[in-house]
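Here is the structure we will look at, set down as structure tokens.
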Amino acid sequence: MVNRISQSIELLLSGTDFTSNRTNLTALAMEFFVGNKIFGIGWKEFNQYTFLKWGNTNYVNNVYVQLLTETGIFGTILFVTPMIYTLLRTLSWLKRSAYNPEDRGYLLFSLGIQLFYLIYGLFEIPFYDYTFLFIYGLAVAIANSCCLNQARRQSVNSEIKDGRLRNEANL
């Protein structure tokens, strides 16, 4: 890995393309997007196009550009909105979990995985890697589980409080 980084720095300093042709792929993807803004060119069609043109499949290596290219604005919104919503809900639950340290650890873990996944999408295509997709889904499930536990605890606490008030009123 150190060797790869030093090679990239040498290529950058010499003015040579050090991105392994990624900038050209991104430019090509953006050309497709400009021609098909609303619905894109179709799922995995960019890979098919590069296979027909160069004999091997290539990804844009940025999930957001790839989504815009293949699914357009409509599809990108459908993919990204739930991810952002879940991230924001996890942050909200994390603020509320100050009263329960057990949930806080799980929520921090979930938040870390979600952030990693969203940032990793700037450099790769995690939707096509089922391992990454599974880990992301697990992180979302952990956050949702913590939310359900918080809701149950609040419900039980309010029932206990209501029961005490009724018992005190009967005395």
query: What accessible surface, in Å², does a 1.4 Å probe find on Lys44, ignoring ligands, DNA and RNA and rounding to the nearest 10?
result: 80
query: Per-residue HN-Hα couplings for region 68-79, Karplus 6.51 cos²θ - 1.76 cosθ + 1.60 at θ = phi - 60°, whole Hz, x for Gly and Pro?
result: 4, 5, 8, 10, x, 5, 4, x, 5, 4, 4, 7
message: With every protein chain left in place and a probe of 1.4 Å, what is the accessible surface of Tyr136, to the nearest 10 Å²?
response: 30
- request: In whole Hz, with x marking every Gly and Pro, tabulate ³J(HN,Hα) for region 100-106 from phi via Karplus 6.51 cos²θ - 1.76 cosθ + 1.60, θ = phi - 60°.
  value: 10, x, 4, 5, 4, x, 5
message: Rounded to two decimals, what is the ratio between the C-alpha radius of gyration of region 39-102 and 2.2 N^0.38 Å?
response: 1.66
- request: For Gln154 paired with Tyr120, estimate the spin-label separation in nm (one decimal), with each label point 7 Å from Cα along the Cα-to-Cβ line.
  value: 3.2
- prompt: Using θ = phi - 60° and the Karplus form 6.51 cos²θ - 1.76 cosθ + 1.60, what ³J(HN,Hα) does each residue of region 46-61 get, whole Hz, x for Gly and Pro?
  reply: 4, 5, 5, 4, 5, 5, 5, 7, 10, x, 8, 7, 10, 9, 6, 6
message: For Glu124, what residues show an amide H to amide H distance below 5 Å, using hydrogens built from the backbone and excluding near sequence neighbours?
response: Val63
message: Taking amide H atoms as placed 1.01 Å from N in the peptide plane, list the residues 5 or more away in sequence, or in a different chain, whose amide H sits under 5 Å from that of Ile41.
response: Glu70, Thr71, Gly72
message: 7 Å from Cα along Cα→Cβ at both Glu45 and Arg96: what's the point-to-point distance in nm?
response: 4.2
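The values are calculated or read from the model by the stated rules, or taken from the named source; none is laboratory data. Predicted, not measured: the structure shown is a model, and the values here were computed from it. Every residue, glycine among them, receives a Cβ derived from its backbone with ideal geometry; neighbour counts consider all protein chains shown. All accessible areas refer to the heavy atoms of the entire protein, side chains included, with ligands and DNA or RNA removed. Shrake-Rupley method; radii C 1.70, N 1.55, O 1.52, S 1.80 Å.
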